[in-house]
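Peer 1: Quick one: the structure is below, questions incoming.
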């Protein structure tokens with residue numbers, strides 16, 4: 001079973017683009033890969049330009065091997081006029097990641113009750129839930 005996620009970026013003009021990733025969306029995988037390898041907004045834009053994909057990898061080239069376009073599907077990035085439209089209408093999965101210039105990577109997941117938090121905050125919430133036996 002996949003841990004689905006979305007990955008999005010807010011551009012300088014306030015528009016947002018988002019793609020879907022099917023596998024391993026949790027913080028210890030996709031979150032870590034994003035933190036370690038995708039902090040440059042130009043690189044994230046190249047990732048988004050792939051459209052939807054199966055698995056996030058450390059490089060654009062590796063990720064491209066699992067892009068749905070490689071198997072003939074037309075799954076381009078979803079585009080939103082601004083962050084408010086994105087928040088209201090975006091595709092939501094188990095983990096949603098958003099890169100903004102102001103905050104860096106944010107995530108929305110089960111532990112954050114639908115709120116956007118930093119990855120560090122989300123990790124702390126998950127650890128607290130595990131400690132309390134909630135998750």
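Please treat every number below as a calculation from the coordinates, not as lab data. Quantities reported herein were computed from a predicted structural model and do not represent experimental measurements. Note that we place each Cβ from the backbone using ideal geometry, even for glycine, and neighbour counts take in every protein chain shown.
Peer 1: Normalising by the residue count of the chain, find the relative contact order in percent from Cα pairs under 8 Å and 6+ residues apart.
Peer 2: On the way: 236 pairs, mean separation 35.5, N = 135.
Taking the mean separation of contacting Cα pairs over the length of the chain, I get 26 percent.
Peer 1: With both partners inside the chain, how many of the DSSP beta bridges are antiparallel, as a percent to the nearest 5?
Peer 2: Numbers: 18 of 24 bridges.
Close to 75 percent.
Peer 1: Right, something else. How many nm is it between the label spots at residue 92 and residue 132, if each spot is 7 Å from the Cα in line with the beta carbon?
Peer 2: So the two model labels end up 2.0 nm from each other.
Peer 1: Which of rounded, prolate, oblate describes the range 26-90, given a ≥ b ≥ c as roots of the alpha-carbon gyration tensor eigenvalues and a/c under 1.5 marking rounded, otherwise prolate only if a/b is larger than b/c?
Peer 2: Values: a/c = 1.77, a/b = 1.14, b/c = 1.56.
The shape class here is oblate.
Peer 1: Once you have the Cα-Cα distance between residue 121 and residue 13, take 0.36 nm times their residue separation minus that, and quote the gain in nm to one decimal.
Peer 2: Values: separation 108, 0.36 × 108 = 38.88 nm, distance 2.72 nm.
36.2 nm is the gain from fully extending residue 121 to residue 13.
Peer 1: Oh, and also: What shape does the range 11-61 take by its C-alpha gyration tensor, where a ≥ b ≥ c are the square roots of the eigenvalues and a/c under 1.5 counts as rounded, a/b above b/c as prolate, and the rest as oblate? Present the calculation step by step, with values, prior to reporting the outcome.
Peer 2: Numbers: a/c = 1.70, a/b = 1.43, b/c = 1.19.
Judged from the Cα gyration tensor, the range 11-61 comes out prolate (a/c at least 1.5, a/b above b/c).
Peer 1: Could you pull out which residues in the range 52-72 have an amide N less than 17 Å from a spot 7 Å beyond the Cα of residue 42, following the Cα-Cβ vector?
Peer 2: In the range 52-72, the label zone of residue 42 (backbone N under 17 Å from the point 7 Å along Cα→Cβ) covers 60-61.
Peer 1: What is the distance in Å between the Cα centroid of the range 3-59 and that of the range 65-135?
Peer 2: Centre-to-centre distance over Cα atoms comes out at 9 Å.
Peer 1: May I ask for the equivalent-ellipsoid semi-axes of the chain, computed as the square root of five times each C-alpha gyration tensor eigenvalue and listed largest first in whole Å?
Peer 2: On the way: eigenvalues 105, 61, 37 Å².
So the equivalent ellipsoid measures 23, 17, 14 Å along its semi-axes.
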